[in-house]
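Participant: Sharing a structure below in structure tokens format, with a few things to ask.
The values are calculated or read from the model by the stated rules, or taken from the named source; none is laboratory data. Since this is a predicted model, take the numbers as computed values, not measurements. Cβ sites come from the backbone with ideal geometry, for glycine too, and all protein chains shown count toward neighbours. Ligands, DNA and RNA are stripped out before the accessible areas are found, and what is left, the full protein with its side chains, is counted by its heavy atoms. Shrake-Rupley method; radii C 1.70, N 1.55, O 1.52, S 1.80 Å.
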Amino acid sequence: MRRFGIAVLVAATVGTVLTAAPAQAHAQADCTATACHFDVPPGTYDVRVLLGGESASSTSVSGETRRSLLPETAAPAGERVVRSFTVNVRTPEGEPTGADGTPGLDLVLGGSAPALAGIKVTPARHARQILLVGDSTVCDQPGDPYAGWGQQLPRYLRKGLSVANYADSGESTVSYLADSRLWATVQPLIRPGDLVLIQLAHNDKTTDEATYRANLETLVAGVREKGGEPVLVTPIVRRWFNADGTLDNNTALLVNGLGVDHPAVIRSVAAAHDVPLIDLTARTKTLVESLGVEASKALYLYNEKRDNTHTSVHGATVYADLVRDELVARHLVPKGSVRVG
């Protein structure tokens, strides 16, 4: 990328601090009108952006593997708006079993009229992690039109809360525990006070109830062993309507071929072990039924792929909004630490 100054559309007034290389404490960003790259090592970083220009502007920020980091933000002509957020930089930068991605931190400007007047990236000193353990409905999906709700969750969080999304496509409770790139990698990263949201069910199609319950209990115990706070999340519904417009069937409500009612088991484990529960099955069921057969198509990839399981960017954003609301309602994060809308 080419670096440019105030005379062009974007001015990069960058003060990037590298914890691993003090001699490079003031490395500059490489920016274009639509993107910035920071040559930083893996870690957690606070990003402060100064938005606005001579004309009225509207700017959003995404980064790494299509993560939504800042919702579209308007600035009147001639005025500047400051926003901050915290971002996780890691390798692989998206799904744990996927491609490594690009080293460093990459940010992309979007919105109807993007304008970046300044940007500063510094190591986050006091960030609280929200680690995500899940499947393809949660993960940082690498390609459009797919999106996981965990990919959209950062846009709803202010500086000081960082989402480390270790959800991975195709994983069940069995495979997540067995693969060294997954749970064995995630557990050592958990710090005291971190939240770990666990949503695994879609791929437990052949897992019997005793095994499924035991696997959830293993994950919960593993989080607590590190001083983290586990949060069990029931899976998003599949968009599979009955003739009467309801979703009261095994396909929609994640009951597998062995008759294992995944949401019911998750609720039971949460109650038995005093684990906070986000009942995303109930929340998404209510929403999808309220929208009806036609309007609910936009939440999923029905129009693009005839897919009633995976969400569109729109659907993932709506479902991330539900998760944000539940985090606040259950006092898992302070109300002031989230964005509304």
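Participant: Give the cysteines in the chain for which no other Cys Cβ lies under 4.7 Å away, or write none if there are none.
Facilitator: Cys139
Participant: Would you list, by chain and number, the lysines whose Cα falls below 23 Å from the Cα of Lys285, excluding same-chain residues fewer than 8 positions away?
Facilitator: Within reach: Lys205, Lys297, Lys305.
Participant: Find the centroid of the Cα atoms in region 252-293 and in region 89-151, then give the distance between the two in whole Å.
Facilitator: Each part reduced to its Cα centre gives a spacing of 27 Å.
Participant: Follow-up. Mind checking which lysines have their Cα closer than 29 Å to the Cα of Lys120? Skip sequence neighbours fewer than 8 apart in that chain.
Facilitator: Qualifying lysines at Cα under 29 Å: Lys159, Lys335.
Participant: What distance in nm lies between label points placed 7 Å from Cα along the C-beta direction at Val81 and Arg48?
Facilitator: 1.9 nm
Participant: What residue among Tyr45, Tyr166, Tyr302 shows peak mean-square fluctuation when the chain is described by a Gaussian network model with Cα springs under 10 Å?
Facilitator: For the chain, modelled as a Gaussian network with Cα springs under 10 Å, the answer is Tyr302.
Participant: Using alpha-carbon pairs under 8 Å, 6+ residues apart, how would you state the relative contact order of the chain in percent? Walk me through the intermediate numbers first.
Facilitator: On the way: 799 pairs, mean separation 51.0, N = 341.
Here the relative contact order equals 15 percent.
Participant: Next question. In the neighborhood of Ser172, defined by Cβ-to-Cβ distances under 11 Å, what is the net charge if each Lys or Arg adds +1 and each Asp or Glu adds -1?
Facilitator: The answer is -4.
Participant: Turning to a different aspect of this structure: What FRET efficiency comes out for the pair Leu189/Ala243, r = Cβ-Cβ distance, R0 = 56 Å, nearest 0.05? Don't jump to the answer; show the numbers that get you there.
Facilitator: Working: r = 47 Å, r/R0 = 0.83.
Approximately 0.75, to the nearest 0.05.
Participant: Computing the accessible area with a 1.4 Å probe over protein heavy atoms, can you report the carbon and sulfur percentage for the chain? Working shown, then result.
Facilitator: Details: 7300 of 13900 Å².
So the carbon and sulfur contribution to the accessible surface is 53 percent.
Participant: Let me ask something else. Need one number: nm distance between label points at Glu294 and Glu225, each 7 Å from Cα along Cα→Cβ, rounded to one decimal.
Facilitator: Distance between the two pseudo-spin positions: 5.3 nm.
Participant: Determine the per residue accessible area of the chain with all protein chains present and a 1.4 angstrom probe, expressed in square angstrom.
Facilitator: 41 Å²
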